[in-house]
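This report refers to the structure that appears directly beneath it.
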Amino acid sequence: MKSKIGLIVCPFLRTELELAAKDDFFKGMEILHAPLNCNARNNDKERFKQWLEKNCEDFEVIFSIGCRCINFDFVETSNLKAKIKYLSSEQCMDVLAGKAFIRQLLADGAYLTTPGWIANWQKYIHEWGFTSDTVGEFLRETTKKIVLLDTGIDPDAEKKAQRFAACCELPCEIHQVGFEGLIAHLRGLSAETVLAQRQQEHIAQLKATTSRSAEYAMIFDLFADLSSMDTEENVIDRFLMMFQGLFAPQTLRFYALHSFINDTIYSIGETTTSAESCKQIQQELPSGFEDKILDNRLLIEIRFKDERLGILEIDHFTFPEYIHRYRDLARTIGTVFGLALANSRNYYRLEATNTELINTLDQVKTLRGLLPICASCKKIRDDTGYWNSIEAYLSSHSEVEFTHSLCQDCVEKLYPELFHKQIDRTVEDD
C-alpha cells in the first residue's frame, strides 16, 4: 500500500504549486494550504499547531516548502517531527530561482516577494502592525530594493509590485523566474518519494538480506546531497560512485550526450572524449529503448522528459545472477539521475547567460549630460579640471576610435598651393 503524501505550502506560493502539481507526475500528492505568516507571532504559532494536528495526522509523509514560518519549536517536539521533511528550511524562495541567485539578491538588500504575496500586500503589512504610510520607514532600515520573483501567474503582479515599492519609497526590480525551478523541486520530491516507497516494499520482501539495506542506505546518502550537485561533472561522478558501490562491476561508464561537453565518456576518476565511442553506444541502444541486457552487461538510458541525456554502461557484475534486479534498481535511480543532470545543465545555461550579460554590460560605455568645452580651441574639461583634446576625451569615455584627415577648408588654409593645383586639375578633367 502506497503512503499518503502531503505537501504543506504557504499562501505566497499556493497558486504556483497548484499549477505545477497538475502534472500527472505528481498524482497521489495532496496539497495542504497552511495558515502561515513569515512574521509569525505567538497566536500564529498556536493556530498553526492546531491546524497541523487536525490536518496532518493521517499522512505517512509530509513535505513542507517553507522556512521559519513552519520551523517552530513545537514541531521539533511533536509526534509530527518524523513525518515532516523540510524542502527549504533556510529560505522558501529557493524553490523558485535557485539558492545561489536568491542569496545574492538577499546580500544586495532585496526584500523578496511573489505574485501571491504582492496581490495582498496591504493585508499583510496590516497584520505586521503597519500602514501604507509607515511600512516604508520600517523596511528602509534593512532593505535597499523590492524584488518580485514573477512566476507569470498574475499579469498585474508587476504593477502591484511597483505600487508597493513606491509606497515604501524603494526601487523595484522584476525577475521572471517561471516554473522550471519549482517543477524541478517537485519532480525531485516525487521521485524521492517513489524510491522511498519502493525501498519499503523491497525491505519487506528481502528483510533478511543485509546487502539490500546497504544499497538503499547509499541511495539516500546521495539524495541528501542532490541540492549541492551544481555541475554536470559533479552529478555524474556522484552517481557513478553510487552505482559502483551498489553493483561492484568491473566496468562502469557514462556516455554524456547533447551536453555542453560534447561526446564525453565518464568513468570513476577518468574523463575522455570520443565521438566514435558515443556513436557506437547509441547504435547498441537505439532511441526508444530504455535498457538492454547483453550477457553480463547492462545498458541504461538516462533521460529527462523527452531528451536522452546519456547512456550508462555497467559490465561484468560481481553477482550476475541479480542482473534483472540491478536493472530495475538502476532504472529507478536513473530517473533521479536524469533529473539531477538536467538541472545541472539548466544551471550551466543560466550561469553562462548571466556571465554573458555581465560581460556585455561591462563593455557598454555611454556619454551623458553637459560637457564643458572651450569656445576657442574646442578642448573638453574632465572631472579633474584637466583640458583634453576632443579625440582624447571621447576615446577614454566611449568605444570611438579616430582616424585623421583634412577637410577642404583646412587644405586651402594650410596648403594653398596644393589646394589650387587640385582645383585646376579638377577643372581640366571636366
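Quick notes on this structure:
- For first residues located in segment 130-142 and without any contact (Cβ under 8 Å) to a residue 40 or more places away in the chain and farther than 15 Å from residue 110 by Cα, partners that are open to solvent by 60 Å² or more (accessible area, probe 1.4 Å) and in a helix (DSSP H, G or I) and lie 6+ apart or on another chain with Cβ distances below 7 Å form the pairs 130/138; 132/122.
- Test: residue 238 is crowded, with 17+ Cβ neighbours inside 10 Å and at pLDDT 85 or above: no
- Single residue of segment 147-178 satisfying the filter (assigned to a strand (DSSP E or B) and open to solvent by less than 30 Å² (accessible area, probe 1.4 Å)) that is farthest from residue 17 (Cα to Cα): 147
The rows are residues; the columns are (1) outside any loop (DSSP other than H, G, I, E, B); (2) in contact with an Asp or Glu (Cβ under 8 Å, 6 or more places away or on another chain); (3) modelled with pLDDT of 70 or more; (4) closer than 28 Å to residue 295 by Cβ.
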{"site": "217", "(1), (2), (3), (4)": "yes, no, no, no"}
{"site": "233", "(1), (2), (3), (4)": "yes, no, yes, no"}
{"site": "243", "(1), (2), (3), (4)": "yes, no, yes, yes"}
{"site": "254", "(1), (2), (3), (4)": "yes, yes, yes, yes"}
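- Flag if residue 249 is outside any helix (DSSP H, G or I), out of contact with any helix residue (DSSP H, G or I) (no Cβ under 7 Å at 6 or more places or on another chain) and at pLDDT 85 or above: yes
- Among residues of segment 379-399, those that are open to solvent by less than 70 Å² (accessible area, probe 1.4 Å) and in a loop (DSSP other than H, G, I, E, B), counted: 4
- Looking across segment 124-146 at every residue that is out of contact with any helix residue (DSSP H, G or I) (no Cβ under 6 Å at 6 or more places or on another chain) and not in a loop (DSSP other than H, G, I, E, B), the one that is modelled with the highest pLDDT is identified as 145.
- Residue identified as part of a helix (DSSP H, G or I), loosely packed, with under 13 Cβ neighbours inside 10 Å and at pLDDT below 75 among 39, 43: 43
- Test: residue in segment 302-316 that is surrounded by fewer than 18 Cβ atoms within 10 Å (Cβ to Cβ), touching a residue at least 12 places away in the same chain (Cβ under 8 Å), more than 23 Å from residue 239 (Cα to Cα) and in contact with a helix residue (DSSP H, G or I) (Cβ under 9 Å, 6 or more places away or on another chain): no
- Out of 70, 65, sole residue that is hydrophobic (A, V, I, L, M, F, W, C) and modelled with pLDDT under 65: 70
- Counting only strands (runs of 3 or more DSSP E) that fall entirely inside segment 272-339 and contain at least 1 residues that are touching a strand residue (DSSP E or B) at 6+ places or on another chain (Cβ under 6 Å) and within 18 Å of residue 244 (Cβ to Cβ), the qualifying elements are 297-304, 307-315.
The values are calculated or read from the model by the stated rules, or taken from the named source; none is laboratory data. Here the structure is a predicted model, which is why all the values come from computation and not from measurement. Here Cβ is always computed from backbone atoms with ideal geometry, including for glycine, and neighbour counts include all displayed protein chains. Heads up: the accessible areas ignore ligands, DNA and RNA and are worked out on the full protein's heavy atoms, side chains in. Shrake-Rupley method; radii C 1.70, N 1.55, O 1.52, S 1.80 Å.
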